[in-house]
Amino acid sequence: AQKITQTQPGMFVQEKEAVTLDCTYDTSDQSYGLFWYKQPSSGEMIFLIYQGSYDEQNATEGRYSLNFQKARKSANLVISASQLGDSAMYFCAMRENGRGSYIPTFGRGTSLIVHP
Amino acid sequence: NAGVTQTPKFQVLKTGQSMTLQCAQDMNHNSMYWYRQDPGMGLRLIYYSASEGTTDKGEVPNGYNVSRLNKREFSLRLESAAPSQTSVYFCASSGHLGTGGPGELFFGEGSRLTVL
């Protein structure tokens, strides 16, 4: 079974609107971390935002926020006021801390296209 | 600061040829990783090294070997390349938890490998 599920292969959004990219995860660990990365067409991987399993507040970084619903095991990325430069692949990842190896596991990604 | 540097950026091989992808990081990170990225599959872990002197298999290790040469360098070797190994390869590193950050991955720019 996949540990990270991103159900939206592709998303479209109008410039200046908000968009939510879905991510659900599966773990039995109590301690884990959730990450979002952006991959523009140039190919590099860029870290966006992090949420720890014990963090009570949703993480925010500028226009990015993470809608963390622990009981539902979801960690959706919200991008507010979309810009053309937000067009990219977005990957959700989880690191389980209970096993000592702290290996991040990635979802299959969501392609976001921002229309002018 | 160079971060994570991997070489070569592009390589074309014939089936059966061997090659080594080199990776070096200058952030004094303990953990290093090799992922492969294929369309629709996200990033899959090939091998990782939690610390200098240790290496372990990831999700898709078959056909690959690794060497953690020292704390800075982690190389990936294809002994007998196959067309199924055509992919984009990413090296990444991360610090230990508790070092002041969330332990996000820092990626190299990627290496595009084509096996004919």
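Conditions (1) under 20 Å from B:Tyr35 (Cβ atoms); (2) of a type in the set (A, V, I, L, M, F, W, C); (3) facing chain B (nearest Cβ under 9 Å), marked per residue:
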| residue | (1), (2), (3) |
| --- | --- |
| A:Trp36 | yes, yes, no |
| A:Glu61 | no, no, no |
| A:Tyr64 | no, no, no |
| A:Ile79 | no, yes, no |
| A:His115 | no, no, no |
Total residues in the stretch B:4-19, condition open to solvent by less than 40 Å² (accessible area, probe 1.4 Å) and of a type in the set (S, T, N, Q): 1
All strands (runs of 3 or more DSSP E) inside the stretch B:6-89 with 1 or more residues being among the aromatic types (Phe, Trp, Tyr): B:10-13, B:31-38, B:42-49, B:64-68, B:74-78
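Let's see how each residue does on (1) more than 8 Å from every other protein chain (Cβ to nearest Cβ); (2) in contact with a Ser or Thr (Cβ under 9 Å, 6 or more places away or on another chain); (3) in contact (Cβ under 8 Å) with a residue 12 or more places away in the chain; (4) β-branched (Val, Ile, Thr):
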{"position": "B:Met27", "(1), (2), (3), (4)": "yes, yes, yes, no"}
{"position": "B:Asn30", "(1), (2), (3), (4)": "yes, yes, yes, no"}
{"position": "B:Tyr48", "(1), (2), (3), (4)": "no, yes, yes, no"}
{"position": "B:Ser80", "(1), (2), (3), (4)": "yes, yes, yes, no"}
{"position": "B:Val88", "(1), (2), (3), (4)": "no, yes, yes, yes"}
{"position": "B:Ser93", "(1), (2), (3), (4)": "yes, yes, yes, no"}
{"position": "B:Glu104", "(1), (2), (3), (4)": "no, yes, no, no"}
{"position": "B:Gly110", "(1), (2), (3), (4)": "no, no, yes, no"}
Output for the stretch A:81-103, where each listed residue is in contact (Cβ under 8 Å) with a residue 12 or more places away in the chain, within 10 Å of chain B (Cβ to nearest Cβ) and either open to solvent by 10 Å² or more (accessible area, probe 1.4 Å) or touching a Pro at 6+ places or on another chain (Cβ under 6 Å) (or both): A:Met89, A:Ala93, A:Arg95, A:Asn97
Test: residue in the stretch A:54-69 that is open to solvent by 60 Å² or more (accessible area, probe 1.4 Å), assigned to a strand (DSSP E or B) and among the β-branched types (Val, Ile, Thr): yes
Looking only at the stretch B:32-46, and only at residues there that are of a type in the set (A, V, I, L, M) and within 11 Å of chain A (Cβ to nearest Cβ), the one that is farthest from the chain's Cα centre (by Cα): B:Met41
Residue list for the stretch B:46-67, filter: modelled with pLDDT of 95 or more and open to solvent by less than 30 Å² (accessible area, probe 1.4 Å): B:Ile46, B:Tyr47, B:Pro61, B:Tyr64, B:Val66
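The values are calculated or read from the model by the stated rules, or taken from the named source; none is laboratory data. If you're wondering where the values come from, they're calculated on a predicted model, not measured in any experiment. Glycine also receives a Cβ, built like all others from the backbone with ideal geometry; neighbour counts cover every protein chain displayed. Protein only, heavy atoms only, side chains kept; ligands, DNA and RNA dropped before computing areas. Shrake-Rupley method; radii C 1.70, N 1.55, O 1.52, S 1.80 Å.
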